[in-house]
Amino acid sequence: MRVENQQLKAFLIDSGLVSKDKLDQSEKEAIKTNQTLDDVLVAGGYISREDLVKLEAYILGIPFVNLEKEKIDSNVLKIIPEPIAKSNNIVAFRKRGNDLEVAMLYPEDLRTIEFIKKTTPLRILPRLTTPEGIKNVLRQYQETLEAEFGDIIKKEAGGIKTIQEKDSESADIGEKESLKKAAEELPIIKIVDTLLKHAILQRASDIHIEPLEKEVTVRYRIDGILRLAMTLPTIAASGIVARIKVLSNLKLDEHRLPQDGRFKIETDEYKYSVRVSILPVFDGEKIVMRLLSESTKAYTLEGLGLTGRALEIIEDNLRKPVGMILITGPTGSGKTTTLYSMLEILNTPNINISTIEDPIEYRMPRINQTQVNAKIGLTFASGLRALVRQDPDIIMVGEIRDEETASLAINAALTGHLVLSTLHTTEAAGTIPRLIDMGAEPFLISSTANVILAQRLIRKLHQEKEKYNLKEAEIKNLNKYCDTKRILTLLKEEKIAQSKDNLKDIVFYRPKASENCPDGYHGRLGIYEVLPVTETIKELIVRKTTSDQITAQAKKEGMRTMVEDGFIKAAKGMTSIEEILRVINE
């Protein structure tokens, strides 16, 4: 149930809203730029988005509603959970008796309507609205959650009982019991539950709970950046730590040593595995929780940001039955996510895949995943030694950290396995000297390494962004970080720039703050450099040449560096130059 272009054109001409010439012109533009006719008409200023949606609503026989300035009752808003509302652009805005009115952008999305019907006994009445109306209502979810959290803090903080500290260095049974009791207090349970819910809905990857002298700060890492989320009274600190220790099955009365654990959160809306790290600090114990969605499906390589020749090289090497594919980058650069995406491609019923990981971040069907456990002697090296005896076709080693693991991974590749793994290096070519430092023989590296991929994660610009052109001073400054002449050549190869263009002629984009997105960024994608180990690169490895020489040769053979890949994405409007430089300079 959607409005076809011919039908829309006929109604627009009949109503006199848009002339036939402008419609024909817009239709050609839509085909040329691969956009919808609706978007081209609105962008060209021929008709407002509201008038267009009103007309489509009239054609389909569905009432139109303008929600751009409406304040929705929080109880009505919660009938459709925020993740479903956001992902499907559908919101509940009015309840009358047994009728629930829902506003949407896509009337053909019958599956979502059916899903909502199953979750509520109310009769669903669909309405059409504008994207701005949906954005206004989605913002109100956040306001509702923040108000809910604020109310809990105000109401419940006063009910938290203090726990007396012991003079003795070793905690006694009495302290353990009082901590356990504190962890089970309703105010503490509510605070921890709401804090986790708040983080999940904000798309946080990590939660930092840090005790200070006069307060406890809570920070969320969202799109790779730490942001202050809230402050809590100091009185809540010991109870929150105790609650998280109970959930993670850790020692309640251990305050002097670091502890690691994990627990799960499961609701109808989401399912998360939470990794917990507790570290003693001056004012108490700091908690860091890593949130891992168990319902997230593996991304495609294209979805991660791999394109063009780089994508072709990776796909070609994934078809090879033996050798090593290595992914490099610092902590938090998305290496594991890329590994899982590759495993998703390789995961077929006729292939045996075994992994050794620390930790297992996502469960994958048909793949035999083993968790490292150093306490009982199950390290990457001992686990890899056992995996080779499990008749695998493909082996994934979470990280090559030491000489023994490096040697075993290379031997596994030599004996007829495809090995996927990660290392901590800043660039693709830096992997070679790193492996040599670990004791690997250069001739063995050249014989087994198929391709090396280096990556970083950059923040994506939100839909609302600002166009601009580089000034001479800015181009001069960019020469400190990259070869601007080479970047201009690559932009011309990508058909982003015309043959006569200079860097000043190319349009780039800046983040634009909005109510919906205060810093102008939303989500992340990767920038990559893919180094295929060709015959010439193999010769350089055997001769133990520097990583700079390997990079120079790879660039001659067509490799694009991460900075260059980033500039291409910046010129396409995916990110900003400032973001590329921030990530590369870290």
Pairs over 21 Å Cα to Cα, from Lys95/Lys117; Lys467/Lys495; Lys471/Lys500; Lys197/Lys375; Lys197/Lys264, come to Lys197/Lys375
Of all accessible heavy-atom area on the chain, the percent that carbon and sulfur account for (1.4 Å):
49 percent
Log entry: pair-distance distribution for region 472-536, C-alpha pairs binned every 5 Å from zero, whole % per bin is 4, 12, 15, 17, 18, 18, 11, 4, 1, 1, 0
Taking a straight Cα-to-Cα line shorter than 16 Å from Lys214, and setting aside same-chain lysines fewer than 8 residues away, one finds Lys286
Here region 76-87 yields Karplus 3J(HN,Hα) values (6.51, -1.76, 1.60; θ = phi - 60°; whole Hz; Gly and Pro given as x) of 6, 4, 6, 4, 9, x, 4, x, 6, 4, 5, 6
For Ala386 and Lys180 in one chain, what is 0.36 nm times their gap in residues minus the Cα-Cα distance, to one decimal in nm?
70.1 nm
Net lengthening on full extension, Glu472/Asp193 (0.36 nm per residue, minus Cα-Cα)
95.2 nm
Using every alpha carbon pair in region 8-145, what percent of pairs falls into each 10 Å bin from 0 up to the bin containing the largest distance?
11, 38, 30, 17, 4
Options (i) 1.50; (ii) 0.93; (iii) 1.12 - which one matches Cα Rg over 2.2 N^0.38 Å as calculated here
(iii)
Give a quick list of GluC sites (Glu not before Pro) in region 259-323 that DSSP marks as loop, anything other than H, G, I, E or B, with at most 13 other Cβ atoms within 10 Å.
Glu269
Inter-label distance, nm, simple model (7 Å from Cα along the C-beta direction), Tyr481/Glu494:
1.5 nm
Using Cα pairs closer than 8 Å and at least 6 residues apart in sequence, work out the relative contact order for the chain, in percent.
9 percent
Cα-Cα over 23 Å, subset of Lys71/Lys512; Lys492/Lys538; Lys485/Lys556:
Lys71/Lys512; Lys492/Lys538
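The values are calculated or read from the model by the stated rules, or taken from the named source; none is laboratory data. Please read these numbers as outputs of a predicted model, since none were measured by experiment. Virtual Cβ from ideal backbone geometry, glycine too; neighbours counted across all protein chains shown. Remember, those area values only see protein heavy atoms, side chains included, never the ligands or the DNA or RNA. Shrake-Rupley method; radii C 1.70, N 1.55, O 1.52, S 1.80 Å.
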